[in-house]
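Right, I'll just put the structure down here and ask away after.
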Amino acid sequence: MYKLNIVLVEPQIPQNTGNISRTCAVTGAVLHLIKPYGFEISDKHLKRAGLDYWNKLKIFEYESLDEFFEKNSGPYYYFTTKGENTYSDVNYENGCYLVFGREDKGLSEKLLSENRKSCVRVPMRNNLRSLNLSNTVAIGCYEVLRQWGFPDLDREGKLTQYEWK
């Protein structure tokens, strides 16, 4: 059985976390949230973005990044605009953790410098700051699942009023 973990370090924007929780729910990825947050988990914007998927989601919360590392073992892949490796050039292992930083600061440069080979980036124009966090999580999540052959995911949709011919 495949297991993908999405890690949000100190998320600040409830709509992003809600969108990411929905991505995790529909893909079966486990969501790890590391405090402090820039919102309350009960925030209406967070729930609205996640819609009715909260009960379909496996979530773990941690008081700090240190606690997260104490309770989990990698491999870890750190998504950052500062990475030297492209996210699509990595072979992701089962049970891996995709780690994402705060919307306003990203991950600490100390953490990144200590894990240089595990830092990955989504290519973008160099004169713009970054992609939206929830978009970046979706890109990373689906790349991993693509490499794994989309395990346990429906690969064919169905029309509700017609049939494909």
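Would you mention how many residues in the range 6-16 are surrounded by fewer than 21 Cβ atoms within 10 Å (Cβ to Cβ) and not in a loop (DSSP other than H, G, I, E, B)?
Number of matching residues: 1.
Any idea which of (1) closer than 23 Å to Y2 by Cβ; (2) assigned to a loop (DSSP other than H, G, I, E, B); (3) of a type in the set (A, V, I, L, M) is the one L159 doesn't satisfy?
(1)
Answer yes or no: is there a residue in the range 33-48 that is surrounded by 20 or more Cβ atoms within 10 Å (Cβ to Cβ), in contact with a Pro (Cβ under 6 Å, 6 or more places away or on another chain) and farther than 30 Å from N127 by Cα.
So in the range 33-48, the residues surrounded by 20 or more Cβ atoms within 10 Å (Cβ to Cβ) come out as 33-34, 46.
With in contact with a Pro (Cβ under 6 Å, 6 or more places away or on another chain) added as a condition, the list becomes 46.
Within this subset, residues satisfying the condition of being farther than 30 Å from N127 by Cα are 46.
Checking the range 33-48: at least one residue is surrounded by 20 or more Cβ atoms within 10 Å (Cβ to Cβ), in contact with a Pro (Cβ under 6 Å, 6 or more places away or on another chain) and farther than 30 Å from N127 by Cα.
Further, regarding this structure: Kindly list the number of the only condition in (1) modelled with pLDDT under 90; (2) in contact with a Ser or Thr (Cβ under 8 Å, 6 or more places away or on another chain) that fails for G157.
Failing condition for G157: (2).
Would you confirm, using the coordinates I've provided, whether R129 is of a type in the set (K, R), within 16 Å of the chain's Cα centre (by Cα) and surrounded by fewer than 17 Cβ atoms within 10 Å (Cβ to Cβ)?
Numbers: of a type in the set (K, R): yes; within 16 Å of the chain's Cα centre (by Cα): no; surrounded by fewer than 17 Cβ atoms within 10 Å (Cβ to Cβ): yes.
When the stated conditions are applied, R129 does not pass them.
Then there's this: May I ask you to list pairs of residues, at least six apart or on different chains, whose Cβ atoms are under 9 Å apart, with the first in the range 149-160 being touching a residue at least 24 places away in the same chain (Cβ under 8 Å) and of a type in the set (D, E, K, R) and the second being part of a loop (DSSP other than H, G, I, E, B) and exposed (fewer than 10 other Cβ atoms within 10 Å of the Cβ)?
So the pair list comes out as D152/M1.
Another question, then. Please give the number of the condition P36 fails out of (1) at pLDDT below 90; (2) out of contact with any Cys (no Cβ under 9 Å at 6 or more places or on another chain).
(1)
The values are calculated or read from the model by the stated rules, or taken from the named source; none is laboratory data. Quantities reported herein were computed from a predicted structural model and do not represent experimental measurements. Counting neighbours? That spans all protein chains shown, and the Cβs are built from the backbone with ideal geometry, glycine included.
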